[in-house]
1. Could you pull out every one of the lysines with an alpha carbon less than 16 Å from that of K251, ignoring same-chain neighbours closer than 8 positions?
2. Of the listed values [x] 66, 49, 39; [y] 88, 44, 41; [z] 78, 47, 33, identify the label whose number matches Cα extents along the principal axes in Å calculated from this model.
3. Once label points are set 7 Å from the Cα along Cα→Cβ at both D253 and N93, what is their separation, rounded to one decimal in nm?
4. Calculate how large, on average over all directions, the projected area of the Cα convex hull of the stretch 80-177 is; give the answer in nm² to one decimal.
5. Show me the GluC sites (Glu not before Pro) within the stretch 112-184 that DSSP assigns to loop and that have at most 11 other Cβ atoms within 10 Å of their Cβ.
6. With +1 on each Lys and Arg Cβ and -1 on each Asp and Glu Cβ, how big is the dipole of the stretch 166-259 about its Cα centre, in debye rounded to the nearest 20?
7. Determine the calculated [θ] at 222 nm for the chain from helices alone, applying -39500 (n - 2.57) to every DSSP H run no shorter than 4 residues and normalising by the residue count; nearest 500 deg cm²/dmol.
8. Which loop trypsin sites (Lys or Arg not before Pro) in the stretch 128-222, with loop taken from DSSP, have no more than 14 other Cβ atoms within 10 angstrom of their Cβ?
Amino acid sequence: MSALANLLLAHYDQNARDLPWRVGPKSPPSKKINPYHIWLSEIMLQQTTVGAVIPYFEKFTSRWPDFKALAAADDADIMAAWAGLGYYARARNLVKCARIVSNDYDGLLPQNEDGLRTLPGIGDYTAAAIASIAFGKRALVMDANIERVVARLFAIAAPLPKGKKEIKAALDDIVPQERAGDFAQAMMDLGASLCSVKNPKCDQCPIHALCSAGQSAKAASFPVKAPKKTKPMRNGMAWWIEYDDKVLLIKRDEKSMLGGMVALPDDGWNARNDGDRTLKIAIKETQIEQIVQHEALVQHSFTHFSLKLKLTSIELVQDDALYEQMSEKAIWWPIKDIDQAGLPTLFAKAVKIKKDENEKGIL
């Protein structure tokens with residue numbers, strides 16, 4: 001094993017983070033590596049911080065302790081449990097993957113990268129991470145933290161994303177055959193702590209003597225990033241439609257943004273276009289008791305665009321026939337239990353605007 005690997009693993013053995021899915025050097029002997037836990041955590045950690053993931057991971061593993069339990073769950077329950085974690089395609093792929101593993105692999109993950117990559121939601125990085133951490137295979141695990149550590153170690157000047165190829169080649173030179181999973185996690189921990197994006201603590205780093213950028217006091221300059229593109233701004237509308245202490249919710253189309261999630265009705269905004277300002281549910285003026293245009297805007301940022309959403313509240317007249325008609329295409333959810341509806345963060349923000357204005361007596 002190289003001097004770099006030895007130094008890094010020695011530091012990891014003393015300083016590894018205690019994470020609920022991890023079997024680390026200080027874990028009790030009774031705690032064994034659980035591939036289901038590794039898979040679930042890696043899916044959740046895609047573009048999401050460890051701090052945000054931990055409560056979701058604990059909720060999911062308590063409710064659905066293995067692939068077969070998750071595979072048997074109702075899609076709507078899983079999407080509701082995922083609400084707030086973002087990037088909802090991950091949740092849809094989570095269900096698909098669990099069912100394939102349960103039905104075709106008897107609840108056991110493939111143990112190599114090629115087999116893992118055939119499963120929904122598992123790309124090159126996730127396959128490498130699972131193969132390495134869950135099964136001890138030598139693999140090139142490269143998340144943002146590892147990417148940063150390697151770029152600094154070798155002072156790789158090629159700007160991202162083009163520089164990723166050079167960074168991966170450099171990583172291939174240092175990954176050991178033994179303790180490959182621990183090495184990957186040690187690199188992750190180093191990038192999440194001492195080798196952070198801003199103000200890296202080079203004087204405390206176990207591999208500082210071997211780091212090109214650290215030795216030249218230029219660690220914070222790496223990795224080199226290309227200028228950020230400005231996100232386009234989209235505009236849309238959403239409606240709070242109320243009847244008899246219930247609010248009307250819809251299940252979004254599986255192929256749309258936030259597909260499969262329960263949400264407030266909106267006007268069809270998407271990543272490429274503004275909404276058309278039209279409510280897709282037929283309501284006549286005679287069926288409306290009160291209508292209010294909210295002043296506050298819902299503002300939300302997606303990966304490729306930002307969104308400003310105007311909220312309109314509609315209170316319907318007491319008309320059981322209308323209620324029954326609308327119930328065919330919608331869900332009437334008790335307003336007092338709205339926090340348990342599993343709304344995506346965007347629509348949870350809209351609900352907060354409604355609540356805040358109610359409390360201030362604006363409505």
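1. K280, K329
2. [z]
3. 2.2
4. 7.6
5. Values: sites: E113, E147, E166, E178; in loops: E178.
The qualifying sites are E178.
6. On the way: 14 positive and 12 negative charges, 120 e Å.
Dipole magnitude for the stretch 166-259 comes out near 580 debye.
7. Numbers: 14 runs with 143 residues, N = 363.
It lands at -11500 deg cm²/dmol.
8. Within the stretch 128-222, the qualifying trypsin sites (Lys or Arg not before Pro) (loop, at most 14 other Cβ atoms within 10 Å) are K162, K198, K201, K218.
Values quoted throughout were computed directly from the atomic coordinates according to the rules given, and no laboratory measurement underlies them. Everything numeric in this text was worked out from a predicted model, so none of it was measured. Glycine gets a Cβ as well: all are built from the backbone with ideal geometry, and neighbour counts include every protein chain shown.
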